[in-house]
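This report refers to the structure that appears directly beneath it.
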Amino acid sequence: MSTKTLRKRISLVAVFALGSSLISMAPAQANTISAATIIAAAANNTTIASDTNPVPSNGALNIVSELSATGVTFVDATAAIDAKSVGLLALGDIAGTRVAGTTQTATMLSTGTLTVVTRTAASTASMITVTGGTIVNRAPVAAITAFAADSKAIGITASQAVALVGIKPDSGVTSMTVKLFNSNTSSVTGPELLSGEKSGTLTGQINVTVTAASAAGVLDASKSGVFYASETSFDATATSDGSNTGSTDFSREISLLVRARDAYSSAITGIGILSVSATGGAYVNVASSAGTGPTAFLARTVAEDIDGEEITVSNPTSKPIASTVTVSWNGTVIGTKTVGFSGEVAKVTLSSPVIGKTGGSANLATYALFDAAGNQVYTKYNGSTNNATPASGLAGDAALYGTIVSAVAKDSTNPDSDLNLSTGVLTKGKVAFSCTALGGSTTIGVTYINTSGTTVKSNALPVSCAGDAVSYTASYDKATYRSGEIATLTVQFLDSKGRKANDITDVETGNHTVSIAGVTAIKGPSTVSGTDSADLDQGALKYTYSVGINEGGYANKIDFPTVNTAGASISTSAATASLTVSSGGVSNAEVLKSIVALIASINKQIQALQKLILKR
């Protein structure tokens, strides 16, 4: 693998569950595992074709990974370092590591020989069994105290001996299983384990896949791909983009991770070209730095693996870009990823203003930034200023101020009022406006100056400034409701001039009461009665609730003592609001009225018929 910057290296971590399984053996070949078992002190298996085989450990089963070029595995060897396997294509375990436990895996050619090694403790005998294969070689002979007549199992003496076993797949099989059992006491011997007289513990198992042809070194699309990685560290795995996304602003780079594996999940190693291309105007590079064009490649002139290579995608402009990145190895596509870059600010919107007051520090409206493609543009990333579109570019537009507003600026007292906690991105912000007088509606506006020097003006947003609440009215959204319908009660607060009161001064500093008859459930800005504070919205508080099932007319009392006191000079008092609840069905009076009308209609028809008969 090529040298990469330290911040881009990958650490693949696999979690392996510890457990044990005690197997009663009669006969040994019929036993199955019920839990994963590893030997904590055992050496892990080594990579295929490495020059060093794993060091044998007491009670552990290891795979000999060094390959034989001549077809010879071992000749009465006494050390694992002298042994070799033939036709071994892959090894590992189900957790993705190479632990020598009961969940080992291997892939080999049907013409090959799998060599395994174990070591017995001074007081523990062992047995190796094979299903789907045949033991064709074992050494040293002195360590083998018993050998099954069908060549499917061997017993090993309890003498700290190293035992090597060569195993060939049976003709026509597609899988083979190799197991290691260890005795529990020094009184158990290898022959007793082999005969099934005594039981042992399963401490090693290899599930072997047997194939007629090798797919080693051939790119397998199901095991390969391209994944998003962090800008500061490669934390993607072989099957996951982690917490990373394929979108950022035009000043940042997007990092991708290449996974290039064969059918056995082994890294692709070879001579060739890793090529990358991007659409939409994006630039790419096979490195940790930004590229200079829409294509890039990495040429391998010696056999090095390409698994884990890094792709950097960048935007050479300040415009929004959507791009598809394609990564290939020697013309075979490894994978594609869609990435996006937001551009500089092209639109600013102001919305949702409160009704302000003179001297108010919370006279706020919401602003949002968008690029030319309509993408939301951010001012922060995880609490840090976005260098591409910093909030410092926002300023008040005096040309849009009316007569009662003197200044507009980015709000500094509520900087995280719209912080998206899941992404850490401030998608919307607040601007504060200063009321210099109380009156009707006026307008405010802002400008945004991009880092490129271009200026964008916002819409003119109507706002108003008003005094504190000194009176209030209450009303329902309609006069009559059917049982169970949702009613909305609005309490509108007014200042001394009869204007909608400002949203800044609290109206609930004292006990307040909203008496609602026939209520089933209530939802509103505060409790029905109590001292909970709530924010006014356009000088009003709203309560919604499901009306009861009892028919009739109701007059509800609404009382805000704080406002009553403030408006004492104008005799402010509690307000009332009336509504009618009907069952939604036909009342008795309506039934009687219909009957009377029907009788009258019948009488008229009878009279008309009588007149017709008399004329004849």
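What follows is calculated from the coordinates using simple rules that are stated; it is not laboratory data. Just so it is clear, the structure is predicted and the values come from calculations on it, not from any experiment. So basically every Cβ, Gly included, is an ideal-geometry build from the backbone, and we count neighbours across all protein chains shown.
Here Leu109, Leu61, Leu350 are placed in order of increasing Cβ neighbour count within 10 Å, fewest first, which gives Leu109, Leu350, Leu61.
Sorted fewest first by neighbouring Cβ atoms within 10 angstrom, Lys457, Lys357 come out as Lys457, Lys357. Taking the centroid of alpha carbons for each part, region 463-479 and region 339-360 are 27 Å apart.
For region 221-342, the residue among Ile268, Asn330, Ser251 whose Cα projects farthest onto the positive side of the dipole built from Cβ charges is Asn330. Classification of region 88-158 by its C-alpha gyration tensor yields an oblate form. The axis ratio a/c (a ≥ b ≥ c) is 1.5 or more, and b/c is at least a/b. Calculated FRET efficiency, Val136 and Ile273, Cβ-Cβ r, R0 30 Å, to nearest 0.05? For R0 = 30 Å, the calculated efficiency reads 0.10. Here r is the Cβ-Cβ distance between Thr245 and Ser594 and R0 is 60 Å; the resulting FRET efficiency, rounded to 0.05, is 0.35. If the chain linking Ser441 and Asn550 were pulled fully straight, counting 0.36 nm for each residue of separation and taking away their Cα-Cα distance, it would gain 34.9 nm. Candidate cross-link partners of Lys168 among the lysines, defined by an alpha-carbon separation under 24 Å and a same-chain spacing of 8 or more, comprise Lys84, Lys152, Lys179.
Here's the list of lysines a cross-link from Lys380 could span, going by alpha-carbon distance under 21 Å and ignoring same-chain residues fewer than 8 apart: Lys319, Lys347, Lys410, Lys428, Lys430, Lys457. For Lys542, a cut-off of 16 angstrom between C-alpha atoms picks up these lysines, skipping any fewer than 8 places away in its own chain: Lys478, Lys500, Lys523, Lys557.
Please list 213-220, 600-607, 388-395 highest first by mean number of surrounding beta-carbon atoms within 10 Å per residue.
Per-residue mean Cβ counts within 10 Å order the peptides as 388-395, 213-220, 600-607.
Computed extension length for Ser352-Lys457: 36.0 nm, one decimal, from 0.36 nm per residue of separation with the Cα-Cα distance subtracted.
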